[in-house]
Amino acid sequence: MSTDTITVQRTILAPPERIFALLSDASRHSEFDGSGTVRGTRESSQPLRHGSRFGMAMHMGVGYRTTNEVVEFEQDKRIAWRTTGFKGLIGGRVWRYELEPVGGGTLVTETWDISRDRQRFFLAHSKMPAATKVAMRRTLDRLAAQLEEQSPAGNA
């Protein structure tokens, strides 16, 4: 990993507002997670806003929990949350989604940013970046399938 970020993109045949509504509902993240690690929210979900905090039940070999805080927010354009675990002792990576209207749909850019993660060195020099990139592609594929099934023509 030569930088602190990994980015994947995909055009989804849906308007940014519909995509953003799904991304900003933490209770639905397990529906499109391509890694298979997200199990669900730890409490009832409210629409996410800048500064929102939400917990997630996760599973990667064993169950664990994360705390997430929305650190970037621009309605229908960009949302990002920082993920930590074990009361903030580990983590700090940011998951970012940027939405740009394009002919026929929305270009969705997902970024995994470890620039402020406490385990940055270990993450960057492990197999995690390659596995994360594959999972991110699957996430965008699942997001597209879910939205395009609801509206085959991509109309709201």
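Count of region 89-120 residues, restricted to those that are open to solvent by less than 20 Å² (accessible area, probe 1.4 Å) and small (Gly, Ala, Ser), is 3.
Considering region 100-146, the residues that are assigned to a loop (DSSP other than H, G, I, E, B) and of a type in the set (S, T, N, Q) include one that is nearest to LEU13 (Cα to Cα), namely SER115. Contact map, region 143-154: residues that are open to solvent by 40 Å² or more (accessible area, probe 1.4 Å) paired with residues that are modelled with pLDDT of 70 or more and in a loop (DSSP other than H, G, I, E, B), Cβ distance under 6 Å, separation 6+ or inter-chain. Pairs shown: GLU148/LEU13.
The values are calculated or read from the model by the stated rules, or taken from the named source; none is laboratory data. No experiment lies behind these values; they were computed from the predicted model shown. Here Cβ is always computed from backbone atoms with ideal geometry, including for glycine, and neighbour counts include all displayed protein chains. Just so you know, the surface numbers come from the protein's heavy atoms only, side chains and all, with ligands and any DNA or RNA stripped out. Shrake-Rupley method; radii C 1.70, N 1.55, O 1.52, S 1.80 Å.
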